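Visitor: I have a structure here, written as structure tokens, and I will follow up with some questions on it.
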Amino acid sequence: MKLELDRDLCFFDLEATGLNVMQDRILQIAIIKYFADGRAPEELEMLINPGMPISEEAMAVHGIKPADLRNKPVFAQVAQKLYDFIGDADLAGYNSNRFDVPMLVEEFARAGLDFDLEKRHLLDIQTLFHKMEPRTLRAALRFYCEEKLEDAHDALADVRATVKVLDGQLERYVGGVYIDAEGEERPVPFGKNVASICAFTRDQHSVDVTRKLRRTDSGEIVFNFGKFVGQPVGKVLYENRQYFNWIQEKEFSAQVKKITRRLLQEYKRDRKQNA
């Protein structure tokens, strides 16, 4: 791999019972962990009994059937092993920020583990790809590596393909130029490190991976949904405790619940200091 790491990095991919991050469950996970100290990468792959039906649409994509999972562990039984394997590493994947990351966070939360994202870089290879060349993973592998993707939608095959695509992207773009959204030719603003790629691909206004909260140009965090859309989160929750309780009790992501708790406490503290 051609990335220059100053922190461990886990490429990972999930297969699930469906596409609903809050309601569906993981049934396969594969991780390749790259170490900043140069050690040989380690792989972890497992099938997981989701404890719920698999949608026909999902089975048509990944081909994993209930019989394949009958004697496999449930997520709670492997959660600590996965949590320890990932450790403090940054996370990378393909479309991972919208699907794999929030689903993994929810599964950890249900198992009683707080999988904190705030100090991690989240490197979504699809976002970088779409910034440069909008394509699917299959097309990306062909475009960057001149290879055909075999066993598509098998988690480990997809992870390996994602690593190859990133290598191809770094080889193609670093040190070159690209055409930005305004049609202007610009120097490529990232190098062979996670932080610079994430800075280029990051949605500067997004606060959480499910996009329920957003940051305004002035830096204030506001709601991105519902009757208080566009209004400051801390102020709204201070004045509407029932709304705060509703968020904590309903099917919002563990990350949203954690951030709203923090913003309410910060708003209460600021009011007290300014009183």
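Visitor: Can you tell me which residue is farthest from Ala195 (Cα to Cα) among those in segment 1-30 that are among the acidic types (Asp, Glu) and not in a strand (DSSP E or B)?
Guide: Asp24
Visitor: For the list (1) surrounded by fewer than 14 Cβ atoms within 10 Å (Cβ to Cβ); (2) modelled with pLDDT of 95 or more; (3) of a type in the set (Asp, Glu), I need the number of the one condition that Glu45 fails.
Guide: (1)
Visitor: Looking at (1) more than 25 Å from Asp208 (Cα to Cα); (2) assigned to a loop (DSSP other than H, G, I, E, B), which is the only condition Val165 fails?
Guide: It is condition (2) that Val165 fails.
Visitor: For residues that are part of a strand (DSSP E or B) and not aliphatic (A, V, I, L, M), scanning just segment 202-238, find the one that is nearest to Phe115 (Cα to Cα).
Guide: Ser206
Visitor: Among the residues of segment 184-193, is any part of a helix (DSSP H, G or I), under 29 Å from Leu44 (Cβ atoms) and out of contact with any Lys or Arg (no Cβ under 6 Å at 6 or more places or on another chain)?
Guide: Among the residues of segment 184-193, not one is part of a helix (DSSP H, G or I), under 29 Å from Leu44 (Cβ atoms) and out of contact with any Lys or Arg (no Cβ under 6 Å at 6 or more places or on another chain), which makes the answer no.
Visitor: For the list (1) out of contact with any Pro (no Cβ under 6 Å at 6 or more places or on another chain); (2) surrounded by fewer than 16 Cβ atoms within 10 Å (Cβ to Cβ), I need the number of the one condition that Phe223 fails.
Guide: Tallying (1) out of contact with any Pro (no Cβ under 6 Å at 6 or more places or on another chain); (2) surrounded by fewer than 16 Cβ atoms within 10 Å (Cβ to Cβ), Phe223 fails exactly one: (2).
Visitor: Could you please tell me which pairs satisfy a Cβ distance under 8 Å, a separation of 6+ or placement on different chains, a first residue in segment 247-275 that is surrounded by fewer than 14 Cβ atoms within 10 Å (Cβ to Cβ), and a second residue that is of a type in the set (A, V, I, L, M)?
Guide: Taking only residues 6 or more apart or on different chains, the pairs are Glu251/Met22.
Visitor: Of the numbered conditions (1) of a type in the set (S, T, N, Q); (2) in contact with a helix residue (DSSP H, G or I) (Cβ under 7 Å, 6 or more places away or on another chain); (3) modelled with pLDDT under 95, Asn224 satisfies every one except a single condition; which is it?
Guide: (2)
Visitor: Just a yes or no: is a residue in segment 81-88 more than 20 Å from Leu44 (Cα to Cα), in a helix (DSSP H, G or I) and assigned by TED's automatic domain parsing to the domain that holds Ala16?
Guide: So far as segment 81-88 goes, no, none of its residues is more than 20 Å from Leu44 (Cα to Cα), in a helix (DSSP H, G or I) and assigned by TED's automatic domain parsing to the domain that holds Ala16.
Visitor: Since Asp208 meets every condition but one in (1) surrounded by 13 or more Cβ atoms within 10 Å (Cβ to Cβ); (2) over 30 Å from Met132 (Cα atoms), which condition does it not meet?
Guide: (2)
Visitor: Also: Looking at Arg160 and the list (1) free of Cβ contacts under 8 Å to residues at least 12 places away in the same chain; (2) within 23 Å of Tyr94 (Cβ to Cβ); (3) in a helix (DSSP H, G or I); (4) of a type outside the set (Val, Ile, Thr), which single condition is not satisfied?
Guide: Here Arg160 clears every test but (1).
Visitor: For segment 67-112: of the residues being touching a residue at least 60 places away in the same chain (Cβ under 8 Å) and among the acidic types (Asp, Glu), which is surrounded by the most Cβ atoms within 10 Å (Cβ to Cβ)?
Guide: Asp100
Visitor: Consider only pairs whose beta carbons are under 6 Å apart and that are at least six residues apart or on different chains; among these, list those whose first residue lies in segment 40-55 and is farther than 16 Å from Gln23 by Cα and whose second residue is hydroxyl-bearing (Ser, Thr, Tyr) and assigned to a strand (DSSP E or B).
Guide: Pairs found: Pro41/Tyr34.
Visitor: If His153 meets every condition in (1) assigned to a loop (DSSP other than H, G, I, E, B); (2) buried (at least 20 other Cβ atoms within 10 Å of the Cβ); (3) touching a strand residue (DSSP E or B) at 6+ places or on another chain (Cβ under 8 Å) apart from one, which number is that one?
Guide: If we test His153 against (1) assigned to a loop (DSSP other than H, G, I, E, B); (2) buried (at least 20 other Cβ atoms within 10 Å of the Cβ); (3) touching a strand residue (DSSP E or B) at 6+ places or on another chain (Cβ under 8 Å), just (2) comes out false.
Visitor: Taking interchain pairs and intrachain pairs at least six residues apart, which have beta carbon atoms under 8 angstrom, with the first residue in segment 113-141 and more than 21 Å from Val177 (Cβ to Cβ) and the second charged (D, E, K, R) and outside any loop (DSSP other than H, G, I, E, B)?
Guide: The qualifying pairs are Asp114/Lys258; Arg120/Asp90; His121/Asp90; Leu122/Asp90; Leu123/Asp90; Asp124/Arg98; Leu137/Asp158; Leu141/Lys164.
Visitor: A further question follows. Just to be sure I understand, how many residues within segment 234-246 are surrounded by 13 or more Cβ atoms within 10 Å (Cβ to Cβ) and within 14 Å of Lys212 (Cβ to Cβ)?
Guide: Summing the residues that are surrounded by 13 or more Cβ atoms within 10 Å (Cβ to Cβ) and within 14 Å of Lys212 (Cβ to Cβ) in segment 234-246 gives 4.
Visitor: Any residue at all in segment 85-108 that is touching a helix residue (DSSP H, G or I) at 6+ places or on another chain (Cβ under 8 Å), more than 23 Å from Leu19 (Cβ to Cβ) and at pLDDT 95 or above?
Guide: Within segment 85-108 (the criterion being touching a helix residue (DSSP H, G or I) at 6+ places or on another chain (Cβ under 8 Å), more than 23 Å from Leu19 (Cβ to Cβ) and at pLDDT 95 or above), the answer is yes, since at least one residue qualifies.
The values are calculated or read from the model by the stated rules, or taken from the named source; none is laboratory data. The shown structure was predicted, so the numbers you read here are calculated from the model rather than taken from an experiment. Virtual Cβ from ideal backbone geometry, glycine too; neighbours counted across all protein chains shown.
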